[in-house]
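Asks: Sharing a structure, written as structure tokens. Questions coming.
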Amino acid sequence: MKQKITIIGVPMDLGQMRRGVDMGPSVIRYAGVVERLEALGYEVEDRGDIQIGRPSRLDVKNDQNLKDLDVVVKANQMLADEVMDIVSEGAFPLILGGDHSIAIGSLAGTAKDKENLGVIWYDAHGDLNTGETSPSGNIHGMPLAASIGLGHENLTSIGGFSPKVKPENIVIIGARSLDEGERILIKERGIHVYTMHEIDRLGMSKVMEEAAEIVTKNTDGVHLSLDLDALDPNDAPGVGTPVIGGPTYRETHLAMEILAEKNIITSAEFVEVNPILDVKNQTAEAAVALIGSLFGEKLL
Ligand SMILES: NC(=[NH2+])NCCC[C@H](N)C(=O)O
Ligand SMILES: [Mn+2]
Ligand SMILES: [Mn+2]
């Protein structure tokens, strides 16, 4: 992994309805992310947060079933530019959310100079909705669809190119809540999914071995998008759309350790930490511990 890590925060909460996830980047910093990475010997630059301002939340779906589309697009465009800049400097982009709608900008930035980006989407959800299929109109349920070129043009065209990722280069891990349109899309496009069923059957170790093989096949980089709601809500209560029955903190640690061993991740984001819903910053602390493991932290 690269020796320099550049952190960028995205205080975005308009991709969903629960307030507070805009404070995610702050609480992950308070949980000590910079110190943790420096202790591992990395040079860390914290570029602060994307300036989203205080746009008024519309809380209504427009005729396309996309809540707060314009502000989400604007913030993602800024993020995409910032990530492209970090990549061009040769540093590892570590993006802190914010709700998961920011993955559109992260992927635009990281895929820009790559022919074939692999993606590990560690999430309870598929985030493969479009305005047509979404039950909620919340854009945080749409970033993976947008990244394969599906959905509203203002979302797919962020970064000036589309698609960012090919469906066969994506692996979703931890899924246990999928909408009908997402199921159809997964089958149609051949997206690899390890649901909780496969994790229980094979064990996390095997799942990660297989996932690593898929995302490195003919790819020139791998982005990890980790939604904290992937974890079981007992271990990560501070998220807006919790779903029971997820991988534990320990299993997720193992997943990160395997990725560190394989040394395949070239960019990463940790999203959906909402301190208002959290218990004593437990979810932010979990995020930082997982980041430590992803970057090679070991007990002995
Ligand atoms: N990034 C997330 N937490 N996404 C949750 C999405 C939930 C649901 N599938 C929706 O489209 O509204
Ligand atoms: Mn999720
Ligand atoms: Mn998500």
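Asks: Within the group ASP22, ASP85, which residue is modelled with pLDDT of 95 or more, in a helix (DSSP H, G or I) and touching an Asp or Glu at 6+ places or on another chain (Cβ under 7 Å)?
Replies: On inspection, the qualifying residue turns out to be ASP22.
Asks: What's the total number of residues in the range 280-300 that are open to solvent by less than 50 Å² (accessible area, probe 1.4 Å) and assigned to a helix (DSSP H, G or I)?
Replies: Total satisfying the criteria: 11.
Asks: Just give me the residues in the range 79-128 being more than 13 Å from VAL10 (Cα to Cα), touching a Pro at 6+ places or on another chain (Cβ under 7 Å) and either open to solvent by 10 Å² or more (accessible area, probe 1.4 Å) or within 16 Å of ligand 1 (Cβ to nearest atom) (or both), in sequence order.
Replies: Correct list: VAL87, ASP127.
Asks: Within the set of pairs 6+ apart or on separate chains, which have a first residue in the range 92-113 that is more than 16 Å from ligand 2 (Cβ to nearest atom), a second that is modelled with pLDDT under 95, and C-beta atoms under 8 Å apart?
Replies: Cβ pairs passing all conditions: PHE92/MET1; PHE92/LYS2.
Asks: So ASN154 fits all but one of (1) open to solvent by 20 Å² or more (accessible area, probe 1.4 Å); (2) touching a residue at least 24 places away in the same chain (Cβ under 8 Å); (3) in contact with a Ser or Thr (Cβ under 8 Å, 6 or more places away or on another chain); what number is the exception?
Replies: Result: ASN154 fails condition (3) only.
Asks: Spot the failing condition for GLY221; the list is (1) open to solvent by 10 Å² or more (accessible area, probe 1.4 Å); (2) out of contact with any helix residue (DSSP H, G or I) (no Cβ under 6 Å at 6 or more places or on another chain); (3) of a type outside the set (A, V, I, L, M), and only one is missed.
Replies: That leaves (1) as the condition not met.
Asks: So in the range 235-251, with the set limited to residues that are over 19 Å from THR195 (Cβ atoms) and under 16 Å from the mean Cα position of the chain (by Cα), which one is nearest to ligand 2 (Cβ to nearest atom)?
Replies: GLY240
Asks: Got a sec? Which of GLY131, GLY174, GLY137, GLY181 is farther than 16 Å from ALA80 by Cα and crowded, with 24+ Cβ neighbours inside 10 Å?
Replies: GLY174
The values are calculated or read from the model by the stated rules, or taken from the named source; none is laboratory data. What you are looking at is a predicted structure, and each value in this text was computed from that prediction instead of being measured. Quick reminder, even Gly has a Cβ in these numbers, built from the backbone with ideal geometry, and neighbours come from all protein chains shown. Surface accessibility is based on the protein's heavy atoms, side chains included, excluding ligands, DNA and RNA. Shrake-Rupley method; radii C 1.70, N 1.55, O 1.52, S 1.80 Å.
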